[in-house]
């Protein structure tokens, strides 16, 4: 039987009260701009009817009314006659208390059909009063329920039109809040304004936006807020569709829901757990001309690489929006406002436990009744134990030890499908549990609301956080099942499952205790792979458990590289490609060494880099791959300042050792490539958190610190040392050229100032030459004559933008105006004028360099470059003329000090000219 027939048959069977409840829910979704709906003819809390005119009253946002009447008789004549009587009452102002002019329209709903003649006779009644009429019969209602409102068909009629995984925003929130979740999604939204703006901008510019972050940082709540705001701004996207993953095939739902023309904004929560994520990517790529598709997805940080791989067909270099933890102050505000906690000692302990995780903060606040209890909490594990204590007690009271074991198994697999015979046989063999016993336990867990079941075939833990806790409880804390069973039976085939379950566990619970349990089994399987010579599986094992096997991995890598033969390559033919698409072979020795880019152990990092260089020495043609590792996985991260840029300092130290004062051409090439990347200020790089085995990319700017300037200084010293060697001077000039070009997008003026003036302010004359070259190259690139106008326009726009937005940053202003002193006088004037327009402070003005930048006269090729310190009369006369040209800027009263200062400078230089003339006379 078709779904439409099922819906229609069920509609016919409804009583009057049942039909009214269904129809109220249906109209609430169907009619836009509803302020409220009053079921006057329905008994609250029961499927019964009562007298009321109309049966339901809908109040619209514009202040007008829609009057609704219902009929459920199957006798067609009875329906028509009832509706005519109902209309008479609706137009009776004494009965309704509503003026006819206030009626927007009347809606008649029934679970049968009317003839055309009967419909016309009913419409005539409304036309007499000039009121619009909608008649909704069983046909139109059933098709609407099938196409647009399957949730109503499921909830009121028991007909599963679809899998229930594609829902609107409100349904998503309602379903989400039903689960054993910590922070309901309909709570007040806090903070994250910058992230909202970034996501909305990405949505406007792209059809796919991925939001990544750790578990509990608030990704889902943030994206829901963005979906609402985007729908408000672009009304065509107002009806957002959310994917509520149940682990069931979505392909048919996608076809049904998104077959029509129009604009769709689709939210995929935990995209890595949505099996059909690839379908959505192709949905974007293959959309019809009359469709506009935008997808926004959340993903936990450890699963980003998996999602990026799937999305590669859409964007080979997909940029992500990374959501960081909240600050301690934000957590404190959240707890105070959301949980109404004011005891400061209590709050401080919650903040300490949460470590910036809002979910964990709310969790702690909910389960800890007071200050004394919170003091007794040692770690996050205690919070989980308290929060889920009622669940574990329910299971214990049931006196069935297998329940928790089954819950742990389902948590590992994420989704267990009873119709998948291969999966069920593997579970049965691995855990020695009969299929029927397994599913009987699953159904008991369903009663406890720990497991969701779809069509009595597919099971999944109702909440991802709960799944993490149940897996931890089963395999680590209570040790009901042995982790070795998983490792022996499902690795490496299901390695992504291991990543999904282990990463949140080691992040949330006591890692030392977990390692004690894992270590013997990992050692045993490691040995098996070694003996069998299964290097691929061994490297996959190392990548999964690298966080406590760093020494062993380095020993393996050293042995592996030691066996490699040295390949003969002409080093002069090697180069580093300009594009960033350099692939590191998966499960290779380079892939393995990349894990150490974010190791907490400095010694391990040093050894890993030494091994990388030994590898490169033997395989020089893989120069691009080693460069990629040093600039991405060992490169800068957003929080590198916290560790004082130690990883990048190790890289430069080791590189300079290998460069050997220019004697090693291969490593000189590598050094120049790495130096160019490290001297950037804006980064687009990969990051891998401690204990994680996958990478994700994001953009950021370096935070200026003394350690950063020391590192930059070290890089430049290495560069200038190589400049002493003739064959490398061209590379040095190219590096400076690239470096100076990067300034055009720099928002961090402190780095600009320190890097350009202080770091390069060496005493040696040769170094001074480079300092001036950098300053010149910021605005005087070598271009063709016809390009000069475009270049000057770009330079002027950049200078104006920086001055308008950074006029209080005197360090930056000093640098910029130092550069403008190399401009012709008429061009300089506008920048002095612009600065004074925004900053009238005289002390700031005095710090500005108004005279030309000091240069070696032999280097000058233009009359615009003059020496302010020169005794040359002609040059000094030009300075006087320039200073006089500035006087009109300072005619206002507020600039009296500025004017006096300029006049004093004019007198000084005029006296210098007179003195020089006297000396000339004497010399003559």
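The values are calculated or read from the model by the stated rules, or taken from the named source; none is laboratory data. These numbers come from a predicted model, not from an experiment. A quick note on method: Cβ atoms are made from the backbone with ideal geometry, for glycine too, and the neighbour counts reach across all protein chains shown.
Results, tabulated for the structure shown:
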item	result
Count of region 415-426 residues which are outside any helix (DSSP H, G or I) and either out of contact with any strand residue (DSSP E or B) (no Cβ under 6 Å at 6 or more places or on another chain) or surrounded by fewer than 16 Cβ atoms within 10 Å (Cβ to Cβ) (or both)	3
Residue selected from region 145-157 under the condition in contact with a helix residue (DSSP H, G or I) (Cβ under 7 Å, 6 or more places away or on another chain) and touching a residue at least 24 places away in the same chain (Cβ under 8 Å), by the criterion surrounded by the most Cβ atoms within 10 Å (Cβ to Cβ)	145
Of residues in region 307-350 being free of Cβ contacts under 8 Å to residues at least 24 places away in the same chain and assigned to a helix (DSSP H, G or I), the one surrounded by the most Cβ atoms within 10 Å (Cβ to Cβ)	347
Selection status of residue 267, in the same structural domain as residue 248 (by TED's automatic domain parsing) and either farther than 24 Å from residue 221 by Cβ or in a helix (DSSP H, G or I) (or both)	no
Options 63, 45; residue that is in the same structural domain as residue 146 (by TED's automatic domain parsing), on the phi > 0 side of the Ramachandran plot and at pLDDT 90 or above	63
Given (1) out of contact with any helix residue (DSSP H, G or I) (no Cβ under 6 Å at 6 or more places or on another chain); (2) outside any helix (DSSP H, G or I); (3) at pLDDT 90 or above, index of the condition residue 121 fails	(2)
Residues that are under 23 Å from the mean Cα position of the chain (by Cα), part of a helix (DSSP H, G or I) and surrounded by fewer than 23 Cβ atoms within 10 Å (Cβ to Cβ), drawn from region 607-642	641, 642
Considering residues of region 797-835 that are assigned to a loop (DSSP other than H, G, I, E, B) and modelled with pLDDT under 80 only, the residue farthest from residue 895 (Cα to Cα)	822
Those helices (runs of 4 or more DSSP H) lying entirely in region 427-503 with at least 1 residues surrounded by fewer than 16 Cβ atoms within 10 Å (Cβ to Cβ)	435-447, 483-490
Single match in 528, 515 (criterion: over 19 Å from residue 615 (Cβ atoms), free of Cβ contacts under 8 Å to residues at least 24 places away in the same chain and either touching a strand residue (DSSP E or B) at 6+ places or on another chain (Cβ under 9 Å) or not in a loop (DSSP other than H, G, I, E, B) (or both))	528
Hits in region 247-269 - residues which are closer than 23 Å to residue 417 by Cα and surrounded by fewer than 18 Cβ atoms within 10 Å (Cβ to Cβ)	249, 251, 252, 255
Residue match in region 12-33 (condition: out of contact with any helix residue (DSSP H, G or I) (no Cβ under 7 Å at 6 or more places or on another chain) and over 22 Å from residue 153 (Cα atoms))	yes
Residues that are under 22 Å from residue 510 (Cα atoms) and within 29 Å of the chain's Cα centre (by Cα), drawn from region 446-477	463, 464, 465, 466, 467, 468, 469, 470, 471, 472
Count of residues meeting criterion [closer than 26 Å to residue 34 by Cα, more than 56 Å from the chain's Cα centre (by Cα) and in a loop (DSSP other than H, G, I, E, B)] in region 92-118	1
Residues that are outside any helix (DSSP H, G or I), at pLDDT 90 or above and surrounded by fewer than 16 Cβ atoms within 10 Å (Cβ to Cβ), drawn from region 14-34	15, 34
